[in-house]
1. Would you mind stating whether residue 204 is touching a residue at least 12 places away in the same chain (Cβ under 8 Å), out of contact with any strand residue (DSSP E or B) (no Cβ under 6 Å at 6 or more places or on another chain) and either crowded, with 24+ Cβ neighbours inside 10 Å or under 13 Å from residue 22 (Cβ atoms) (or both)?
2. Could you count how many residues in segment 215-228 are within 11 Å of the ligand (Cβ to nearest atom) and in contact (Cβ under 8 Å) with a residue 60 or more places away in the chain?
3. Output the residue which, of all residues in segment 234-245 that are more than 9 Å from the ligand (Cβ to nearest atom) and closer than 27 Å to residue 50 by Cβ, is surrounded by the fewest Cβ atoms within 10 Å (Cβ to Cβ).
4. Test of understanding: among 398, 381, which residue is modelled with pLDDT of 95 or more, farther than 21 Å from residue 90 by Cα and surrounded by 12 or more Cβ atoms within 10 Å (Cβ to Cβ)?
5. Which pairs turn up if I take residues in segment 75-97 that are in contact (Cβ under 8 Å) with a residue 40 or more places away in the chain and look for partners that are exposed (fewer than 15 other Cβ atoms within 10 Å of the Cβ) and in a helix (DSSP H, G or I) with beta carbon separation below 6 Å, at least 6 apart in sequence or on another chain?
6. Kindly indicate which of 64, 110 is in contact with a strand residue (DSSP E or B) (Cβ under 7 Å, 6 or more places away or on another chain), under 30 Å from residue 222 (Cβ atoms) and in a helix (DSSP H, G or I).
7. If only one of 79, 73, 135 is within 15 Å of the ligand (Cβ to nearest atom) and over 27 Å from residue 360 (Cα atoms), which one is it?
8. Do we find that residue 19 is in contact with a strand residue (DSSP E or B) (Cβ under 7 Å, 6 or more places away or on another chain) and either over 30 Å from residue 140 (Cβ atoms) or within 12 Å of the ligand (Cβ to nearest atom) (or both) in this structure?
Ligand SMILES: Cc1cc2nc3c(=O)[nH]c(=O)nc-3n(C[C@H](O)[C@H](O)[C@H](O)COP(=O)(O)OP(=O)(O)OC[C@H]3O[C@@H](n4cnc5c(N)ncnc54)[C@H](O)[C@@H]3O)c2cc1C
(Lines give C-alpha, C1' and ligand atoms only; values in the text may rest on other atoms or scores of the structure.)
Protein backbone atom coordinates (compact mmCIF):
# COMPACT_ATOMS: atom_id res chain seq x y z
CA UNK A 1 0.00 0.00 0.00
CA UNK A 2 1.39 3.43 -0.88
CA UNK A 3 1.60 6.01 1.90
CA UNK A 4 -1.74 5.76 3.75
CA UNK A 5 -1.15 8.93 5.74
CA UNK A 6 -1.62 11.28 2.78
CA UNK A 7 -3.64 11.47 -0.40
CA UNK A 8 -1.92 10.59 -3.62
CA UNK A 9 -0.30 13.56 -5.38
CA UNK A 10 -3.22 14.47 -7.64
CA UNK A 11 -5.02 17.54 -8.91
CA UNK A 12 -7.83 16.56 -6.56
CA UNK A 13 -5.62 16.49 -3.47
CA UNK A 14 -4.11 19.83 -4.47
CA UNK A 15 -7.59 21.39 -4.66
CA UNK A 16 -9.22 19.55 -1.75
CA UNK A 17 -11.64 21.65 0.31
CA UNK A 18 -12.29 21.11 3.99
CA UNK A 19 -9.85 18.20 4.34
CA UNK A 20 -10.26 16.98 7.92
CA UNK A 21 -8.21 14.46 9.88
CA UNK A 22 -10.20 11.89 11.81
CA UNK A 23 -8.73 10.05 14.83
CA UNK A 24 -7.23 6.59 14.77
CA UNK A 25 -9.18 3.87 16.55
CA UNK A 26 -7.50 3.22 19.90
CA UNK A 27 -8.91 0.59 22.25
CA UNK A 28 -12.26 -1.16 22.08
CA UNK A 29 -15.49 0.28 20.74
CA UNK A 30 -19.04 -1.02 20.49
CA UNK A 31 -21.57 0.10 17.93
CA UNK A 32 -24.58 -1.08 15.94
CA UNK A 33 -22.83 -1.09 12.55
CA UNK A 34 -19.13 -1.14 11.74
CA UNK A 35 -18.39 0.09 8.21
CA UNK A 36 -15.03 -0.88 6.74
CA UNK A 37 -13.81 1.49 4.01
CA UNK A 38 -14.04 5.26 3.72
CA UNK A 39 -14.77 5.71 0.01
CA UNK A 40 -18.15 6.73 -1.40
CA UNK A 41 -19.71 3.31 -0.59
CA UNK A 42 -18.62 3.30 3.04
CA UNK A 43 -19.26 7.00 3.62
CA UNK A 44 -22.72 6.84 2.09
CA UNK A 45 -23.50 3.72 4.17
CA UNK A 46 -22.36 5.51 7.33
CA UNK A 47 -24.40 8.60 6.49
CA UNK A 48 -27.61 6.74 5.66
CA UNK A 49 -27.26 4.35 8.62
CA UNK A 50 -26.69 7.23 11.03
CA UNK A 51 -29.77 8.94 9.63
CA UNK A 52 -31.71 5.74 10.34
CA UNK A 53 -30.64 6.15 13.98
CA UNK A 54 -27.87 3.53 14.12
CA UNK A 55 -24.68 4.03 16.08
CA UNK A 56 -22.02 3.73 13.33
CA UNK A 57 -18.23 3.41 13.45
CA UNK A 58 -16.37 3.63 10.13
CA UNK A 59 -12.83 2.26 9.82
CA UNK A 60 -10.67 3.62 6.99
CA UNK A 61 -7.22 2.12 6.44
CA UNK A 62 -5.82 5.39 5.11
CA UNK A 63 -7.68 8.71 4.73
CA UNK A 64 -11.29 9.37 3.76
CA UNK A 65 -11.47 9.25 -0.07
CA UNK A 66 -7.94 7.84 -0.32
CA UNK A 67 -8.99 5.01 -2.68
CA UNK A 68 -10.77 5.14 -6.03
CA UNK A 69 -13.33 7.63 -4.69
CA UNK A 70 -10.75 10.39 -4.33
CA UNK A 71 -8.91 9.66 -7.58
CA UNK A 72 -11.45 8.87 -10.29
CA UNK A 73 -12.55 10.63 -13.46
CA UNK A 74 -15.50 12.24 -11.67
CA UNK A 75 -17.98 11.17 -14.35
CA UNK A 76 -21.46 10.76 -12.93
CA UNK A 77 -22.88 8.21 -15.34
CA UNK A 78 -26.41 7.19 -16.28
CA UNK A 79 -27.73 3.63 -15.93
CA UNK A 80 -25.59 0.58 -15.26
CA UNK A 81 -22.29 -0.26 -16.92
CA UNK A 82 -24.28 -2.51 -19.31
CA UNK A 83 -27.14 -1.32 -21.49
CA UNK A 84 -30.72 -2.59 -21.03
CA UNK A 85 -30.50 -5.26 -23.75
CA UNK A 86 -27.51 -6.98 -22.20
CA UNK A 87 -28.97 -6.57 -18.72
CA UNK A 88 -32.25 -8.18 -19.73
CA UNK A 89 -30.37 -11.25 -20.90
CA UNK A 90 -28.76 -11.53 -17.45
CA UNK A 91 -31.48 -10.50 -14.97
CA UNK A 92 -34.74 -10.42 -16.98
CA UNK A 93 -36.96 -7.53 -17.95
CA UNK A 94 -38.40 -6.67 -14.53
CA UNK A 95 -35.10 -6.41 -12.69
CA UNK A 96 -33.62 -4.50 -15.64
CA UNK A 97 -36.34 -1.92 -15.16
CA UNK A 98 -35.72 -1.82 -11.40
CA UNK A 99 -31.98 -1.43 -11.95
CA UNK A 100 -32.60 1.38 -14.41
CA UNK A 101 -34.92 3.19 -11.97
CA UNK A 102 -32.42 2.83 -9.15
CA UNK A 103 -29.56 4.06 -11.34
CA UNK A 104 -31.63 7.18 -12.03
CA UNK A 105 -32.23 7.48 -8.28
CA UNK A 106 -28.46 7.13 -7.77
CA UNK A 107 -27.72 10.29 -9.79
CA UNK A 108 -30.51 12.14 -7.98
CA UNK A 109 -29.15 10.95 -4.63
CA UNK A 110 -25.71 12.38 -5.43
CA UNK A 111 -27.17 15.70 -6.56
CA UNK A 112 -29.45 15.89 -3.51
CA UNK A 113 -26.63 15.18 -1.11
CA UNK A 114 -24.46 17.84 -2.72
CA UNK A 115 -27.27 20.37 -2.38
CA UNK A 116 -28.43 19.31 1.09
CA UNK A 117 -24.95 19.32 2.66
CA UNK A 118 -23.63 22.25 0.60
CA UNK A 119 -20.77 20.11 -0.77
CA UNK A 120 -18.53 22.32 -2.89
CA UNK A 121 -17.49 19.81 -5.59
CA UNK A 122 -17.90 21.55 -8.96
CA UNK A 123 -20.96 19.53 -10.04
CA UNK A 124 -21.87 20.06 -13.72
CA UNK A 125 -24.50 18.49 -15.97
CA UNK A 126 -23.81 16.83 -19.31
CA UNK A 127 -22.01 13.85 -20.79
CA UNK A 128 -21.00 13.00 -24.35
CA UNK A 129 -20.64 9.35 -25.30
CA UNK A 130 -18.47 9.15 -28.44
CA UNK A 131 -17.92 6.36 -30.97
CA UNK A 132 -14.31 5.34 -31.40
CA UNK A 133 -15.19 3.14 -34.35
CA UNK A 134 -17.64 3.97 -37.12
CA UNK A 135 -19.43 0.70 -36.42
CA UNK A 136 -20.25 1.84 -32.86
CA UNK A 137 -22.46 4.75 -33.95
CA UNK A 138 -25.59 2.81 -34.87
CA UNK A 139 -25.54 0.98 -31.54
CA UNK A 140 -25.12 4.24 -29.62
CA UNK A 141 -27.99 5.88 -31.46
CA UNK A 142 -30.15 2.82 -30.81
CA UNK A 143 -29.23 3.03 -27.12
CA UNK A 144 -30.27 6.70 -26.98
CA UNK A 145 -33.52 5.86 -28.77
CA UNK A 146 -34.23 2.95 -26.40
CA UNK A 147 -33.73 5.09 -23.29
CA UNK A 148 -35.91 7.85 -24.69
CA UNK A 149 -38.77 5.56 -25.75
CA UNK A 150 -38.78 2.49 -23.49
CA UNK A 151 -37.32 4.08 -20.34
CA UNK A 152 -39.00 7.51 -20.65
CA UNK A 153 -35.63 9.20 -20.37
CA UNK A 154 -35.87 12.45 -22.29
CA UNK A 155 -32.39 13.74 -21.49
CA UNK A 156 -30.45 11.76 -24.10
CA UNK A 157 -30.26 12.33 -27.85
CA UNK A 158 -28.17 11.02 -30.75
CA UNK A 159 -25.35 13.20 -32.11
CA UNK A 160 -23.98 12.74 -35.64
CA UNK A 161 -20.41 13.20 -36.77
CA UNK A 162 -20.93 16.72 -38.12
CA UNK A 163 -22.48 18.01 -34.88
CA UNK A 164 -19.82 16.26 -32.83
CA UNK A 165 -17.21 18.15 -34.85
CA UNK A 166 -18.68 21.39 -33.43
CA UNK A 167 -18.80 20.05 -29.90
CA UNK A 168 -15.28 18.62 -29.58
CA UNK A 169 -11.89 19.84 -30.78
CA UNK A 170 -11.05 16.35 -32.03
CA UNK A 171 -11.91 14.68 -35.31
CA UNK A 172 -11.27 11.07 -34.36
CA UNK A 173 -14.84 10.16 -33.43
CA UNK A 174 -17.74 9.12 -35.66
CA UNK A 175 -20.79 10.25 -33.68
CA UNK A 176 -22.38 9.42 -30.34
CA UNK A 177 -24.98 10.76 -27.94
CA UNK A 178 -25.43 13.68 -25.57
CA UNK A 179 -26.81 12.83 -22.13
CA UNK A 180 -27.73 15.99 -20.25
CA UNK A 181 -28.83 13.99 -17.17
CA UNK A 182 -25.32 12.64 -16.51
CA UNK A 183 -22.55 14.97 -15.39
CA UNK A 184 -19.26 15.37 -13.58
CA UNK A 185 -17.82 16.46 -10.25
CA UNK A 186 -14.66 16.77 -8.13
CA UNK A 187 -14.72 13.33 -6.51
CA UNK A 188 -12.39 13.92 -3.56
CA UNK A 189 -14.35 17.00 -2.51
CA UNK A 190 -17.55 14.99 -2.79
CA UNK A 191 -16.03 12.30 -0.51
CA UNK A 192 -14.88 14.92 2.00
CA UNK A 193 -18.39 16.39 2.01
CA UNK A 194 -20.04 12.99 2.52
CA UNK A 195 -17.71 12.32 5.47
CA UNK A 196 -18.64 15.66 7.05
CA UNK A 197 -22.34 14.89 6.55
CA UNK A 198 -21.94 11.42 8.08
CA UNK A 199 -20.24 12.85 11.17
CA UNK A 200 -22.91 15.55 11.48
CA UNK A 201 -25.50 12.76 11.39
CA UNK A 202 -23.72 11.07 14.32
CA UNK A 203 -21.34 8.54 12.70
CA UNK A 204 -17.80 8.14 14.06
CA UNK A 205 -14.97 7.97 11.51
CA UNK A 206 -11.55 6.48 12.28
CA UNK A 207 -8.69 6.99 9.83
CA UNK A 208 -5.39 5.09 9.67
CA UNK A 209 -7.34 2.19 11.14
CA UNK A 210 -7.08 -0.79 8.78
CA UNK A 211 -9.38 -3.67 9.64
CA UNK A 212 -6.94 -6.58 9.88
CA UNK A 213 -9.19 -9.42 10.91
CA UNK A 214 -12.87 -10.17 11.21
CA UNK A 215 -13.92 -12.50 13.99
CA UNK A 216 -17.18 -14.07 12.92
CA UNK A 217 -19.31 -14.53 15.98
CA UNK A 218 -22.97 -13.86 16.70
CA UNK A 219 -21.75 -10.30 17.20
CA UNK A 220 -18.87 -9.81 14.72
CA UNK A 221 -15.65 -8.17 15.91
CA UNK A 222 -13.22 -6.30 13.68
CA UNK A 223 -9.68 -5.82 14.90
CA UNK A 224 -7.23 -3.12 13.85
CA UNK A 225 -3.59 -2.57 14.89
CA UNK A 226 -4.61 -0.47 17.88
CA UNK A 227 -8.14 -1.53 18.75
CA UNK A 228 -11.27 -3.49 17.96
CA UNK A 229 -14.90 -2.77 17.13
CA UNK A 230 -17.74 -5.07 18.11
CA UNK A 231 -20.91 -4.51 16.11
CA UNK A 232 -24.25 -6.14 15.37
CA UNK A 233 -23.70 -5.61 11.62
CA UNK A 234 -20.71 -5.11 9.35
CA UNK A 235 -20.53 -3.30 6.02
CA UNK A 236 -17.56 -4.16 3.80
CA UNK A 237 -16.92 -1.29 1.40
CA UNK A 238 -13.28 -1.89 0.47
CA UNK A 239 -13.75 -2.44 -3.29
CA UNK A 240 -10.41 -2.73 -5.15
CA UNK A 241 -8.49 -2.53 -1.86
CA UNK A 242 -10.25 -5.48 -0.16
CA UNK A 243 -7.20 -7.77 -0.34
CA UNK A 244 -7.73 -10.91 1.71
CA UNK A 245 -9.99 -9.38 4.38
CA UNK A 246 -13.02 -11.48 3.37
CA UNK A 247 -12.03 -14.37 1.07
CA UNK A 248 -15.66 -15.30 0.39
CA UNK A 249 -16.16 -12.14 -1.69
CA UNK A 250 -12.61 -11.46 -2.88
CA UNK A 251 -12.85 -13.87 -5.83
CA UNK A 252 -15.86 -12.03 -7.24
CA UNK A 253 -13.77 -8.97 -8.02
CA UNK A 254 -10.50 -8.23 -9.72
CA UNK A 255 -8.50 -5.13 -8.76
CA UNK A 256 -7.18 -3.22 -11.77
CA UNK A 257 -5.40 0.14 -12.04
CA UNK A 258 -6.49 3.10 -14.08
CA UNK A 259 -4.81 6.49 -14.59
CA UNK A 260 -5.65 10.18 -14.90
CA UNK A 261 -3.62 13.29 -15.77
CA UNK A 262 -4.29 17.00 -15.30
CA UNK A 263 -2.81 19.52 -17.72
CA UNK A 264 -1.82 23.02 -16.81
CA UNK A 265 -4.80 25.45 -16.78
CA UNK A 266 -5.72 26.13 -20.43
CA UNK A 267 -8.02 29.12 -20.01
CA UNK A 268 -11.69 29.43 -20.88
CA UNK A 269 -11.33 29.94 -24.63
CA UNK A 270 -9.04 26.93 -25.15
CA UNK A 271 -11.26 24.77 -22.94
CA UNK A 272 -14.28 25.69 -25.08
CA UNK A 273 -12.36 24.74 -28.24
CA UNK A 274 -11.66 21.28 -26.87
CA UNK A 275 -15.02 20.56 -25.18
CA UNK A 276 -17.50 23.24 -26.19
CA UNK A 277 -20.18 22.67 -23.57
CA UNK A 278 -18.03 21.71 -20.56
CA UNK A 279 -19.51 18.21 -20.48
CA UNK A 280 -17.66 15.02 -19.59
CA UNK A 281 -16.69 12.71 -22.45
CA UNK A 282 -16.04 8.97 -22.71
CA UNK A 283 -15.49 6.74 -25.71
CA UNK A 284 -16.33 3.17 -26.70
CA UNK A 285 -12.87 1.61 -26.50
CA UNK A 286 -12.50 -1.49 -24.32
CA UNK A 287 -10.01 0.49 -22.22
CA UNK A 288 -12.00 3.69 -22.15
CA UNK A 289 -10.62 7.20 -22.65
CA UNK A 290 -12.59 9.64 -20.47
CA UNK A 291 -12.04 13.33 -19.99
CA UNK A 292 -13.49 16.66 -18.95
CA UNK A 293 -12.42 20.08 -17.71
CA UNK A 294 -11.80 20.99 -14.09
CA UNK A 295 -13.22 24.16 -12.59
CA UNK A 296 -9.87 25.90 -13.18
CA UNK A 297 -9.83 24.77 -16.81
CA UNK A 298 -7.34 21.95 -16.77
CA UNK A 299 -8.05 19.01 -19.03
CA UNK A 300 -8.48 15.97 -16.77
CA UNK A 301 -7.82 13.02 -19.04
CA UNK A 302 -8.17 9.39 -17.97
CA UNK A 303 -6.83 6.49 -19.98
CA UNK A 304 -4.78 3.32 -19.79
CA UNK A 305 -4.98 0.39 -17.43
CA UNK A 306 -2.49 -1.96 -15.82
CA UNK A 307 -3.09 -5.24 -14.07
CA UNK A 308 -0.15 -5.58 -11.69
CA UNK A 309 0.20 -4.12 -8.23
CA UNK A 310 2.60 -1.27 -8.99
CA UNK A 311 1.84 1.81 -11.09
CA UNK A 312 4.03 2.85 -14.07
CA UNK A 313 7.05 4.87 -12.95
CA UNK A 314 6.20 7.76 -15.31
CA UNK A 315 2.42 8.14 -15.16
CA UNK A 316 2.47 11.50 -16.98
CA UNK A 317 3.95 9.91 -20.11
CA UNK A 318 1.79 6.83 -19.69
CA UNK A 319 -1.50 8.78 -19.90
CA UNK A 320 -0.25 11.57 -22.18
CA UNK A 321 -0.01 9.27 -25.19
CA UNK A 322 -3.74 8.51 -24.93
CA UNK A 323 -4.52 12.23 -24.63
CA UNK A 324 -2.44 13.08 -27.70
CA UNK A 325 -4.34 10.59 -29.85
CA UNK A 326 -7.49 12.60 -29.10
CA UNK A 327 -5.95 16.06 -28.91
CA UNK A 328 -2.63 16.15 -30.85
CA UNK A 329 -2.78 19.95 -30.54
CA UNK A 330 -1.82 19.55 -26.85
CA UNK A 331 1.67 18.25 -27.68
CA UNK A 332 3.29 21.33 -26.10
CA UNK A 333 0.94 21.48 -23.13
CA UNK A 334 2.46 20.96 -19.69
CA UNK A 335 1.17 18.07 -17.60
CA UNK A 336 0.97 19.16 -13.96
CA UNK A 337 -0.30 15.96 -12.31
CA UNK A 338 -0.76 12.30 -13.10
CA UNK A 339 -1.91 9.61 -10.71
CA UNK A 340 -3.35 6.13 -10.59
CA UNK A 341 -6.05 4.40 -8.60
CA UNK A 342 -7.33 0.88 -8.11
CA UNK A 343 -10.89 -0.10 -8.90
CA UNK A 344 -12.64 -3.45 -8.77
CA UNK A 345 -14.22 -5.06 -11.80
CA UNK A 346 -16.48 -8.11 -11.87
CA UNK A 347 -16.74 -10.84 -14.50
CA UNK A 348 -19.93 -9.36 -15.99
CA UNK A 349 -19.08 -5.71 -15.18
CA UNK A 350 -22.17 -5.39 -12.95
CA UNK A 351 -21.87 -4.61 -9.23
CA UNK A 352 -21.41 -7.36 -6.66
CA UNK A 353 -23.68 -6.85 -3.62
CA UNK A 354 -24.62 -9.36 -0.97
CA UNK A 355 -24.99 -10.35 2.65
CA UNK A 356 -22.94 -12.99 4.50
CA UNK A 357 -24.03 -14.76 7.69
CA UNK A 358 -27.03 -12.41 8.00
CA UNK A 359 -24.73 -9.78 9.51
CA UNK A 360 -22.20 -8.66 6.88
CA UNK A 361 -23.33 -6.55 3.94
CA UNK A 362 -21.00 -5.78 1.06
CA UNK A 363 -21.08 -3.67 -2.11
CA UNK A 364 -18.18 -3.72 -4.55
CA UNK A 365 -17.14 -4.23 -8.17
CA UNK A 366 -18.79 -1.23 -9.85
CA UNK A 367 -16.42 -1.83 -12.77
CA UNK A 368 -15.62 1.82 -13.47
CA UNK A 369 -19.22 3.01 -13.07
CA UNK A 370 -19.34 3.73 -9.35
CA UNK A 371 -19.54 7.49 -8.86
CA UNK A 372 -23.34 7.46 -8.83
CA UNK A 373 -24.06 3.86 -7.79
CA UNK A 374 -21.91 3.97 -4.62
CA UNK A 375 -24.05 6.65 -3.00
CA UNK A 376 -27.13 4.56 -3.76
CA UNK A 377 -25.37 1.45 -2.42
CA UNK A 378 -25.05 3.12 0.98
CA UNK A 379 -28.73 4.02 0.94
CA UNK A 380 -29.74 0.44 0.03
CA UNK A 381 -27.46 -1.06 2.68
CA UNK A 382 -29.03 1.18 5.33
CA UNK A 383 -32.50 0.10 4.18
CA UNK A 384 -31.44 -3.56 4.34
CA UNK A 385 -29.94 -3.24 7.82
CA UNK A 386 -33.19 -1.57 8.90
CA UNK A 387 -35.12 -4.60 7.64
CA UNK A 388 -36.20 -3.64 4.09
CA UNK A 389 -33.87 -5.53 1.81
CA UNK A 390 -36.12 -5.64 -1.30
CA UNK A 391 -34.17 -3.01 -3.21
CA UNK A 392 -30.75 -4.18 -2.01
CA UNK A 393 -31.74 -7.68 -3.15
CA UNK A 394 -32.32 -6.55 -6.74
CA UNK A 395 -28.57 -5.92 -6.89
CA UNK A 396 -27.71 -8.91 -4.69
CA UNK A 397 -29.46 -11.33 -7.05
CA UNK A 398 -27.46 -10.27 -10.12
CA UNK A 399 -25.58 -13.50 -10.85
CA UNK A 400 -21.99 -12.80 -9.93
CA UNK A 401 -19.59 -15.61 -10.87
CA UNK A 402 -16.15 -15.71 -9.29
CA UNK A 403 -13.13 -15.17 -11.49
CA UNK A 404 -11.72 -18.47 -12.74
CA UNK A 405 -8.74 -19.47 -10.65
CA UNK A 406 -10.14 -17.92 -7.46
CA UNK A 407 -8.33 -15.30 -5.41
CA UNK A 408 -4.84 -16.66 -5.97
CA UNK A 409 -4.93 -17.68 -9.62
CA UNK A 410 -7.38 -15.20 -11.18
CA UNK A 411 -4.62 -12.90 -12.49
CA UNK A 412 -3.10 -14.76 -15.46
CA UNK A 413 -6.47 -15.37 -17.16
CA UNK A 414 -7.61 -11.81 -16.61
CA UNK A 415 -4.39 -10.27 -17.83
CA UNK A 416 -4.45 -12.36 -21.02
CA UNK A 417 -8.10 -11.43 -21.65
CA UNK A 418 -7.67 -7.73 -20.95
CA UNK A 419 -4.56 -7.47 -23.08
CA UNK A 420 -6.38 -9.19 -25.95
CA UNK A 421 -9.24 -6.67 -25.84
CA UNK A 422 -7.00 -3.63 -25.35
CA UNK A 423 -5.02 -4.82 -28.38
CA UNK A 424 -8.27 -4.85 -30.36
CA UNK A 425 -8.70 -1.14 -29.47
CA UNK A 426 -5.44 -0.45 -31.23
CA UNK A 427 -6.29 -2.34 -34.42
C1 LIG B 1 -8.64 6.16 -12.03
C2 LIG B 1 -10.09 5.83 -11.85
C3 LIG B 1 -11.05 6.49 -12.60
C4 LIG B 1 -12.40 6.21 -12.43
N5 LIG B 1 -13.31 6.97 -13.09
C6 LIG B 1 -14.63 6.80 -12.83
C7 LIG B 1 -15.58 7.68 -13.40
O8 LIG B 1 -15.24 8.65 -14.06
N9 LIG B 1 -16.91 7.42 -13.17
C10 LIG B 1 -17.32 6.37 -12.39
O11 LIG B 1 -18.52 6.19 -12.22
N12 LIG B 1 -16.41 5.56 -11.77
C13 LIG B 1 -15.10 5.76 -11.95
N14 LIG B 1 -14.18 4.99 -11.31
C15 LIG B 1 -14.68 3.98 -10.35
C16 LIG B 1 -15.08 4.65 -9.01
O17 LIG B 1 -14.06 5.49 -8.57
C18 LIG B 1 -15.36 3.55 -7.98
O19 LIG B 1 -16.39 2.71 -8.47
C20 LIG B 1 -15.82 4.10 -6.63
O21 LIG B 1 -15.03 5.16 -6.20
C22 LIG B 1 -15.80 2.97 -5.61
O23 LIG B 1 -16.00 3.52 -4.34
P24 LIG B 1 -15.81 2.59 -3.07
O25 LIG B 1 -16.13 3.41 -1.89
O26 LIG B 1 -16.60 1.34 -3.27
O27 LIG B 1 -14.27 2.17 -3.12
P28 LIG B 1 -12.97 3.05 -2.78
O29 LIG B 1 -13.19 4.47 -3.06
O30 LIG B 1 -11.82 2.40 -3.44
O31 LIG B 1 -12.85 2.94 -1.22
C32 LIG B 1 -12.43 1.76 -0.55
C33 LIG B 1 -11.75 2.22 0.73
O34 LIG B 1 -11.60 1.10 1.58
C35 LIG B 1 -10.41 1.27 2.29
N36 LIG B 1 -10.02 -0.04 2.81
C37 LIG B 1 -9.65 -1.14 2.10
N38 LIG B 1 -9.36 -2.15 2.93
C39 LIG B 1 -9.57 -1.69 4.18
C40 LIG B 1 -9.45 -2.27 5.47
N41 LIG B 1 -9.04 -3.55 5.64
N42 LIG B 1 -9.74 -1.53 6.56
C43 LIG B 1 -10.16 -0.25 6.42
N44 LIG B 1 -10.28 0.37 5.20
C45 LIG B 1 -10.00 -0.37 4.12
C46 LIG B 1 -9.45 1.85 1.27
O47 LIG B 1 -8.35 2.49 1.88
C48 LIG B 1 -10.35 2.78 0.50
O49 LIG B 1 -10.30 4.11 0.97
C50 LIG B 1 -12.82 5.21 -11.49
C51 LIG B 1 -11.85 4.55 -10.72
C52 LIG B 1 -10.50 4.85 -10.89
C53 LIG B 1 -9.49 4.15 -10.03
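The values are calculated or read from the model by the stated rules, or taken from the named source; none is laboratory data. Everything numeric here is computed off the predicted structure, so don't read it as measured data. Every residue, glycine as well, gets a Cβ built from its backbone with ideal geometry; the counts of neighbours run over all protein chains shown.
1. No, not satisfied.
2. Just the residues of segment 215-228 that are within 11 Å of the ligand (Cβ to nearest atom), to begin with: 222-225.
Checking which are in contact (Cβ under 8 Å) with a residue 60 or more places away in the chain leaves us with 222, 224.
Qualifying residue count for the region: 2.
3. Here is the first cut: in segment 234-245, the residues more than 9 Å from the ligand (Cβ to nearest atom) are 234-235, 244.
Filter once more, keeping what is closer than 27 Å to residue 50 by Cβ: 234-235.
Numbers: 234: 25, 235: 28.
By that ranking, first place goes to 234.
4. Values: 398 fails: farther than 21 Å from residue 90 by Cα.
From the options 398, 381, the qualifying one is 381.
5. Close Cβ pairs (under 6 Å, with a partner that is exposed (fewer than 15 other Cβ atoms within 10 Å of the Cβ) and in a helix (DSSP H, G or I)) do not exist here.
6. Going through 64, 110 in turn, just one is in contact with a strand residue (DSSP E or B) (Cβ under 7 Å, 6 or more places away or on another chain), under 30 Å from residue 222 (Cβ atoms) and in a helix (DSSP H, G or I): 110.
7. Values: 79 fails: over 27 Å from residue 360 (Cα atoms); 135 fails: within 15 Å of the ligand (Cβ to nearest atom).
From the options 79, 73, 135, the qualifying one is 73.
8. Criteria not met by residue 19.
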